[in-house]
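Written out below as structure tokens is the structure these notes cover.
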Amino acid sequence: MGSEAWLAAGGSTALPWWLDPWVAAALAALGAALALGQGIRALAALARHEEAPARRGVLASVSMSLAAAFAAVLLAGPGSARLAEPGLPAWTLAVAAAAFLGSVFPRAAGLPLLTLLSLGAVALALLVLPLHPASGPTALASALPVSVRGDGVRLSFETPGPNAVPVVGAIDLPPGAFGLSIELVRFEGPLAAFLGPARWRLRSIVGADGVELHRFPSHVTLFDAPFLRAALATGSARLPFLTAARVASPLAEPRALDRRAWSLDGSGALSDSRAP
């Protein structure tokens with residue numbers, strides 16, 4: 001299921017992040033690996049006839065309590081039905097391995113791993129948060145052709161803005177059929193727990209053969225990252241825990257004062273309907 005649960009169900013079934021099985025598995029693995037690592041360091045100190053610092057015992061006890069608590073959430077919580085999701089065992093083992101290395105070798109492995117993860121999380125948040133969230137069928141935009149002439153079309157275009165306040169602007173297009181193109185990213189696993197199942201941004205109004213008739217301005221986001229931009233130009237991009245794609249609606253001829261509305265439907269497709 002993962003990020004596609006809302007597509008199949010037609011709505012969001014997301015759990016609070018602390019009940020999500022991917023988060024619970026990671027925290028349980030983190031606690032168990034930290035406790036094991038501290039235990040190994042204490043045994044190594046005893047083998048050298050040194051006294052192990054008391055803080056290691058405290059850290060091991062706290063870590064085991066964390067592991068036990070989130071293991072219970074994982075196995076008996078509301079997310080237990082998702083334990084068979086692909087990739088969950090590998091994710092758990094990866095977290096456990098990284099935590100164990102960081103616990104046994106705090107300077108050589110722990111600090112570099114923590115720094116790398118922190119920088120990655122901040123960068124991802126800065127690139128994703130400007131995008132619009134989608135957790136099921138989602139209204140994207142609407143357009144009212146206020147003038148349809150032989151030499152062109154003028155649209156009154158409306159789309160969601162900050163704090164759900166609509167943003168309305170005028171757009172001039174050449175004559176002919178047009179549609180809407182968006183960029184959509186679907187999250188899975190741990191990313192879906194924190195960022196939601198999907199996010200999107202308007203890309204352009206397109207005409208025949210996918211020619212962009214109007215390009216919407218945007219802040220720099222995940223879609224502008226070099227590792228995604230090239231792939232999106234030719235289709236979709238698949239990375240661990242996310243899939244990004246450009247999605248376009250069918251083309252339709254404009255009719256004066258006949259409003260069109262675009263939405264993201266339950267299958268993840270971009271639909272075009274005539275608004276009432």
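Quick check on segment 78-94. Is at least one of its residues of a type in the set (D, E, K, R), without any contact (Cβ under 8 Å) to a residue 24 or more places away in the chain, over 30 Å from Trp262 (Cβ atoms) and outside the structural domain of Ser263 (by TED's automatic domain parsing)? No, there is no match, as no residue in segment 78-94 is of a type in the set (D, E, K, R), without any contact (Cβ under 8 Å) to a residue 24 or more places away in the chain, over 30 Å from Trp262 (Cβ atoms) and outside the structural domain of Ser263 (by TED's automatic domain parsing).
Of the set (1) outside the structural domain of Leu270 (by TED's automatic domain parsing); (2) at pLDDT 90 or above, all apply to Val148 but (1). Would a scan of segment 159-166 turn up a residue that is closer than 22 Å to Ala231 by Cβ and not in a strand (DSSP E or B)? Scanning segment 159-166 turns up no residue that is closer than 22 Å to Ala231 by Cβ and not in a strand (DSSP E or B). Somewhere in segment 116-125, is a residue closer than 30 Å to Trp262 by Cβ and part of a helix (DSSP H, G or I)? Yes, because at least one residue in segment 116-125 is closer than 30 Å to Trp262 by Cβ and part of a helix (DSSP H, G or I). Just a yes or no: is a residue in segment 145-159 surrounded by 13 or more Cβ atoms within 10 Å (Cβ to Cβ) and touching a His at 6+ places or on another chain (Cβ under 8 Å)? Looking through segment 145-159, none of the residues is surrounded by 13 or more Cβ atoms within 10 Å (Cβ to Cβ) and touching a His at 6+ places or on another chain (Cβ under 8 Å). The set of residues in segment 197-240 being of a type in the set (Phe, Trp, Tyr), crowded, with 18+ Cβ neighbours inside 10 Å and not in a strand (DSSP E or B) consists of Phe216, Phe223. Scanning segment 16-52 for residues that are surrounded by 23 or more Cβ atoms within 10 Å (Cβ to Cβ) and in a loop (DSSP other than H, G, I, E, B) returns a single hit, Asp20. Would you call Leu113 more than 25 Å from Pro240 (Cβ to Cβ) and part of a helix (DSSP H, G or I)? No.
Scanning segment 174-187 turns up one or more residues that are surrounded by fewer than 17 Cβ atoms within 10 Å (Cβ to Cβ) and either of a type in the set (Gly, Ala, Ser) or at pLDDT below 90 (or both).
The values are calculated or read from the model by the stated rules, or taken from the named source; none is laboratory data. Note that the coordinates shown come from a computational prediction; the quantities given were computed from them, not determined experimentally. Using ideal geometry, Cβ is built from the backbone for each residue, glycine included, and neighbour counts are taken over all protein chains shown.
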